[in-house]
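The values are calculated or read from the model by the stated rules, or taken from the named source; none is laboratory data. Fair warning: this is a prediction, and the values are worked out from it, not measured in the lab. Here the Cβ is made from the backbone with ideal geometry for all residues, glycine too, and neighbour counts use every protein chain on show.
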Amino acid sequence: MINKIKTNGHIVLMVMAPVALVGFLFAQNGNSTKSTPPVTQSGTIPAQPFPGQRVRAIPAVPAIPAVLKSKFICPKTPQFSVLSSLDPSWSMNNPVPVIDGIAYYYGIEVMLKSKSGALFVAGYKTTASSYHIMHTSTDNGVTWKPVELPIDKLAYWNIVVSIVEDKNGVIYAGGTSLWKSADGGNTWEILPMPYPDTYYGGFRPINEMFITQDNSLIASFPGVAFGIDGMFFGLQPGGYMPAKAYKSTNGGNSWNELFSHNYLITSIVEAGDGALVFRDYVGSNVDSVYRYSGGVITKTFTNPVALSEPNIGLLKATDGALYLTAVDTAFNPDTMDYEQPGFALLAAYKSVDNGMTWTKLGMLPNSWTNQGSIIEATDGSMYASSFSLCDRKDSVYKSTDKGVTWSTLATAPNFKSTPRAGYYFKIFSILEVSGKVLIVGNAPVIFSTK
């Protein structure tokens, strides 16, 4: 679908992927920021004219080697089941309703379990009347009620793509605006957005947030192209504008700019030595890991094959080590035996020196695409997701030994009818709650293990 938007006298063509968040145009607003300190790039790749953005298009089944389609032998794996739905009109038989010839898409981007035990989910619904979905549950996801966020008149739409909670129980929801709740999500206030856009006259959307060891809030913002999930504006007149990371030490009331980066920052964690370790996503689907310390950005890991999704992430575990999934660094498409049962493209990696070096751990069986973050459950188990070569859809993998070995836990459910060939349920986020694993993605539904 292509829409025309008129802004500041200019006509902008917006190419909108069907599973898309509708556009971001923002009005000007006052804010308090400080300029970035000098940053040295060490070992980084040079800027490209079209840096990658976190874009969610309709999931298309990844290309699979032909030999697998006929010779690969797969074990039977259980499916996730429906736990609850945010929209009673949605069904597995009609996952993308078409109204007046227009398909309406749903998505849940993120989940959070708060210190009080309440769950929060947030995402989008591409209808003319509602562009944001945020709900909360006090019974582990069985029932949900909407969260009423104050309308930010300075943003065209209210969309949430990141939710974090600080050490004092304050919850932040970020996307097209930044909201804050000091009472467990009952009431919310709007905070200043630190990243101005000099051409469109407003602010860029928050892409990712996290809480540091000193309880500060860090937020990252996309670069030259607007977009969280499905919308892309081309180069702005006047040239390149980078992605940036900001830090607030006073609850989001004012911000200091930390550093700029050439590509979309998909995940940031704080290492034990205080360095910020972050991951990026490049338009060619390649990604890398960097350390930011003492004003220097150093690349420490690069995914060797272009099979990454734009939500790839990092985990800082309770043991202090850092974890990620990526394509096996030993992968060689000329020698890899695709016919071998149990073939896997992805491996888990671990860093015990604050993200400086990475050691390969175990492989995720039958895995193919690199997506999301490893998460850690309350019992120390780890979970990750990937498109499964066996099941031809997304699966969740489990490790009970800190990533050394992995097994397939369950596969995503099957949509029974779709508006286009190849549309399938795509996992956006994983959460463990009271021994059950919950998944959300491109549907207004929370799925769970039994």
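Of all residues in the stretch 270-291, those satisfying the criterion of being surrounded by fewer than 23 Cβ atoms within 10 Å (Cβ to Cβ) and within 26 Å of ASP394 (Cβ to Cβ) are VAL282, GLY283, SER284, ASN285, VAL286, SER288. Of all residues in the stretch 163-184, one or more are of a type in the set (Lys, Arg), assigned to a loop (DSSP other than H, G, I, E, B), at negative phi and at pLDDT 90 or above. Count, please, the residues in the stretch 215-224 that happen to be in a loop (DSSP other than H, G, I, E, B) and either in contact with a strand residue (DSSP E or B) (Cβ under 9 Å, 6 or more places away or on another chain) or of a type in the set (Ser, Thr, Tyr) (or both). Counting residues in the stretch 215-224 that are in a loop (DSSP other than H, G, I, E, B) and either in contact with a strand residue (DSSP E or B) (Cβ under 9 Å, 6 or more places away or on another chain) or of a type in the set (Ser, Thr, Tyr) (or both) gives 4. Looking at this structure, is VAL352 touching a residue at least 24 places away in the same chain (Cβ under 8 Å) and touching a strand residue (DSSP E or B) at 6+ places or on another chain (Cβ under 6 Å)? In short, no.
Every condition in (1) modelled with pLDDT of 95 or more; (2) more than 13 Å from PRO78 (Cβ to Cβ); (3) buried (at least 19 other Cβ atoms within 10 Å of the Cβ); (4) not hydrophobic (A, V, I, L, M, F, W, C) holds for ASN442 except the one numbered (1). With the structure loaded, tell me whether GLY123 is modelled with pLDDT under 90, under 21 Å from ILE211 (Cα atoms), not hydroxyl-bearing (Ser, Thr, Tyr) and not in a loop (DSSP other than H, G, I, E, B) or whether it fails that test. It is true that GLY123 is modelled with pLDDT under 90, under 21 Å from ILE211 (Cα atoms), not hydroxyl-bearing (Ser, Thr, Tyr) and not in a loop (DSSP other than H, G, I, E, B).
The conditions are (1) within 20 Å of LYS350 (Cα to Cα); (2) of a type outside the set (Val, Ile, Thr); (3) free of Cβ contacts under 8 Å to residues at least 60 places away in the same chain, and SER248 fails exactly one of them. Which is it? Condition (1) is where SER248 drops out.
The residue of the stretch 68-112 that is modelled with the lowest pLDDT, among those that are among the charged types (D, E, K, R) and within 20 Å of SER385 (Cα to Cα), is LYS76.
In this structure, is ASN250 part of a strand (DSSP E or B), at pLDDT 85 or above and under 26 Å from ALA182 (Cα atoms)? No: the conditions fail for ASN250.
Residues in the stretch 255-291 that are among the hydroxyl-bearing types (Ser, Thr, Tyr), at pLDDT below 95 and in contact with a strand residue (DSSP E or B) (Cβ under 8 Å, 6 or more places away or on another chain): SER260, TYR263, THR266, SER267, TYR281, SER288.
If you go through the stretch 185-214 and keep only what is part of a loop (DSSP other than H, G, I, E, B), surrounded by fewer than 19 Cβ atoms within 10 Å (Cβ to Cβ), modelled with pLDDT of 90 or more and more than 20 Å from the chain's Cα centre (by Cα), you end up with ASN186, THR187, GLN213, ASP214. Inspect the stretch 369-376 for any residue being without any contact (Cβ under 8 Å) to a residue 24 or more places away in the chain and within 30 Å of SER89 (Cα to Cα) and give the result as yes or no. The answer is no; no qualifying residue exists.
Looking across the stretch 292-316 at every residue that is touching a strand residue (DSSP E or B) at 6+ places or on another chain (Cβ under 7 Å) and farther than 21 Å from ASP328 by Cα, the one that is surrounded by the fewest Cβ atoms within 10 Å (Cβ to Cβ) is identified as GLY295.
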